[in-house]
1. Using θ = phi - 60° and the Karplus form 6.51 cos²θ - 1.76 cosθ + 1.60, what ³J(HN,Hα) does each residue of the stretch 116-133 get, whole Hz, x for Gly and Pro?
2. Assuming R0 = 35 Å, what is the FRET efficiency of Asp40 and Ser127, from their Cβ-Cβ distance, to the nearest 0.05?
3. Could you compute the net charge surrounding Gln112? Neighbours are other residues with a C-beta less than 15 Å from the C-beta of Gln112; K and R count +1, D and E count -1.
4. Plugging the Kirkwood radius over Cα pairs into Stokes-Einstein for the stretch 70-125, at a temperature of 25 °C and a viscosity of 0.890 mPa s, what D comes out in µm²/s?
5. Using 1/(1 + (r/R0)^6) with R0 = 22 angstrom and r between the beta carbons of Gln170 and Thr66, what's the FRET efficiency to the nearest 0.05?
6. What percent antiparallel are the DSSP beta bridges of the stretch 23-176, to the nearest 5?
7. Say we join alpha carbon atoms closer than 10 Å with springs in a Gaussian network model of the chain; which of Asp153, Asp40, Asp69 then has the biggest fluctuation?
8. Report the residue, chosen from Arg159, Arg35, Arg62, that carries the largest GNM mean-square fluctuation when the chain is represented by alpha-carbon nodes joined by springs under 10 Å.
Amino acid sequence: MNKAVYSAIFIFFLSLLISNVSFGQELKTRYATIRYSDDDLLREFNKRLYLGRRLGYLLRNRPLVTVSDEVSAKVDIIVEKVEAVLDMFPQYVHFSLVLLPSSKDVQQVYYQKYGRRAKHIAYYSLSEKTIYLSVRDCNLRVLSHEIGHMVVDHYFKVRPPYRIHEVLAQYAEKHVTD
């Protein structure tokens, strides 16, 4: 019996260690903690996250020296734009953004956490306050949608029904680019 308990504890801590190694790097922004496996993934995320002319204009006033600076600025700009679009300004906004290489990785994480298969390219975990995002499938609309879920989650003291969450996230997705 003791051997089984020790084995279970060992496997649990080993899985925690492995999961932390896969997201070895961290970047803090005003609103988010971005976790990613390597600098190449962060560069790819930055390249795919094109803000367009209107939002891109907001980057001009920020001191951007590194890719990390640019990613931080882009994520914070999108959060502020989603808040403005939804007219929801939660007092304290902080979430995690986990960058994964592909949708298969996102789907694997979703299956490990919820025991269900889903064909997500990104999703927001309400309980963890974390966005899991496929860098390969990332664009402004996808990230805006997930940030919409995050803003709605932080705004309401009592969580609205899922369908309302989804409608508000879709509204944010559509209007962030306007």
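Any read-out appearing in this document is the output of simple, stated calculations on the displayed coordinates, not a laboratory observation. Note that the structure is a prediction, hence the values are computed from the model and not measured. Note: ideal-geometry Cβ built from the backbone for every residue, glycine included; neighbour counts use all protein chains shown.
1. 10, 8, 8, 9, 7, 9, 6, 7, 9, 8, 4, 6, 9, 6, 9, 9, 9, 9
2. So, using R0 = 35 Å, E works out to roughly 0.70.
3. Details: positive: Lys104, Lys113, Arg116, Arg117; negative: Asp105, Glu128.
With Lys, Arg at +1 and Asp, Glu at -1, the net is +2.
4. 185 µm²/s
5. On the way: r = 33 Å, r/R0 = 1.52.
With R0 = 22 Å, the Cβ-Cβ based efficiency is 0.10.
6. Counting DSSP beta bridges with both partners in the stretch 23-176, the antiparallel share is about 45 percent.
7. Looking only at Asp153, Asp40, Asp69, the largest GNM fluctuation is found for Asp40.
8. Arg62
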